[in-house]
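Note sheet for the following structure.
The values are calculated or read from the model by the stated rules, or taken from the named source; none is laboratory data. Keep in mind it's a predicted model, so treat the numbers as computed, not measured. Please note: Cβ atoms are built from the backbone with ideal geometry, for glycine as well, and neighbour counts cover all protein chains shown.
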Amino acid sequence: MADSEETRKRGLAERVTGAVIWRSGSQIAAQIVMWTATIIVVRLLEPQDYGLFAMTQVVLVIFNFLNGYSFASSLIQADSVDERRIAQVFGLLILLNVGLAALQFLTAPLAAAYFRQPIIADMLRVQTLLYLATPFIALPSALLARGLDFKNQAKANMAAAVAGAATALGCAYSGFGLWTLVVTPIVMFGVRAIGLTLAARLLVWPSFDFRGAGHVLTFGGALMLCQLFWIVQSQADIFIAGRMLSAHELGLYAEALFLTQIFTSKFIPPLNEVAFPAYAELGKRDGVIRDAFATSVRMTMFVACPLYLGMAATAGPLVATLFGPKWLEMIPLVAMLAIAMPFFAMQIIFSPATNALGRPGIYVRTSLVNAIVMTSAFAIGAQYGVRGLTYAWLVGAPLMLLSTIALSRRAIGTSWSAVADAVWPSACAAALMAVAVHQLGARLDGLPPPAQLALLVPLGGALYLGLHWLFDRRSIADLYRMVVTRRLPSAA
């Protein structure tokens, strides 16, 4: 029996390790492709183009909480799934997204009137095509995630990234201007939908008979409510400031936020996709995920703290190198936002754990509290212009983390001290590294920005690893074990 239990745990560990490597590895590769294109495109377009695009994203995100992803996620957490349940979810996804496409098409002029930008209506009507691809992304993604099959997901995501990069470069060089930002996501959604549908071998006709789908509707409805609160939290800044700031100022803020949220928006969500089914399987078998969650916190902070504090210390040469002279006003915004992002990065890794335990109500409560915190912060900060929005993040992000820990820790089985123990080595090492890099950067002010980065980045990385080795060698050993030997840390 003991051998069987050990074999079972080792099998799960190997599957999770493979999933992490494929999901994170493909995400890194895809982001390299997309960022290469983005750096070129951002130099061809104007800040006001990104400001207008950010306005349309508010509307898309508001509608997207009804796109049915939460109902597809119920298939991951369910004990068993049959063809009828899959067909019901497929039918629900189609109904919701066709309805959203029609609603956005009809209400586009209202959004244009609110932001006082007539072109917003045309942009939103073209962007309704995104909804038509959503059912063919959400459902196969959930089915592949349920089996921890992220290898095939990785292939589809990589194909979408290559197609998106090619589209962005082609449109920008052809003079499409603002419409480059509209067309590129549509192409990416289409390619990803085709790739995921083929990978999951989705050969099920949709069913519009929802009898017996109570679990899907209950679990999915709770997550949908969380998504609503998340939308309020994440889009309140653009929604509030969109009528108060110029398109130029809003574009600067939106791109500063985009740059500083690279890790939180591009890398943590894919890892959460792996964590959710892994936690769910652990919860079904043992009911205990405390040790695995502690490892997740430790590894996330091991990367997030040096990345963001290093970004704050090198904001000047970083922005000048990546974005060019017309974006230099963004430097102080990037520096302030980067300081807030480690708190935000840690906060968003709690929800997969509580959801996987079948406790979506906790996520509902944390999302509600955090929506109130950030909306209030943005409403006050926007009165002081674009700098005020960044100060709102400096206050709101730590408050969100504290409320999330307070509401989630008992369900996960962790404590304040356990969380602090997982964080402090990375935080201390990164803070000391950032101070040293900032001081050295001030002495290199005469060098070209790329040369400054070429000196500061490797120096900062080496200093951080050396300090971390002194404080806590576990994280470095765990990272080596995952990347080189493809084994999970023993605690996980």
- Where a residue in segment 119-142 is free of Cβ contacts under 8 Å to residues at least 12 places away in the same chain and in the same structural domain as LEU95 (by TED's automatic domain parsing) and its partner, wherever it lies, is surrounded by fewer than 24 Cβ atoms within 10 Å (Cβ to Cβ) and assigned to a helix (DSSP H, G or I), with Cβ under 7 Å and at least six apart: none
- Message: Give me the residue from segment 247-281 that is polar (S, T, N, Q) and modelled with pLDDT of 80 or more and, out of that set, nearest to GLY358 (Cα to Cα).
- Response: GLN261
- Item | Among (1) modelled with pLDDT under 80; (2) crowded, with 20+ Cβ neighbours inside 10 Å; (3) part of a helix (DSSP H, G or I), the one test that ALA37 misses | (1)
- Query: Counting just the residues of segment 299-328 that are of a type outside the set (S, T, N, Q) and touching a His at 6+ places or on another chain (Cβ under 9 Å), which one comes out surrounded by the most Cβ atoms within 10 Å (Cβ to Cβ)?
  - Reply: PRO306
- Message: Condition first: at negative phi, of a type outside the set (Asp, Glu), in a helix (DSSP H, G or I) and at pLDDT below 90. Can you find one or more residues in segment 371-378 that meet it?
- Response: yes
- Item | Filter result for the condition that a residue is over 23 Å from the mean Cα position of the chain (by Cα) and of a type outside the set (D, E, K, R), over ALA411, ALA392 | ALA411
- Message: Only one of GLN117, GLN88, GLN77, GLN104 is within 21 Å of THR197 (Cβ to Cβ) and either out of contact with any strand residue (DSSP E or B) (no Cβ under 6 Å at 6 or more places or on another chain) or at pLDDT 90 or above (or both). Can you tell me which?
- Response: GLN88
- Message: Filter segment 413-471 down to the residues that are of a type in the set (Asp, Glu) and over 23 Å from MET346 (Cα atoms) and list them by number.
- Response: ASP445
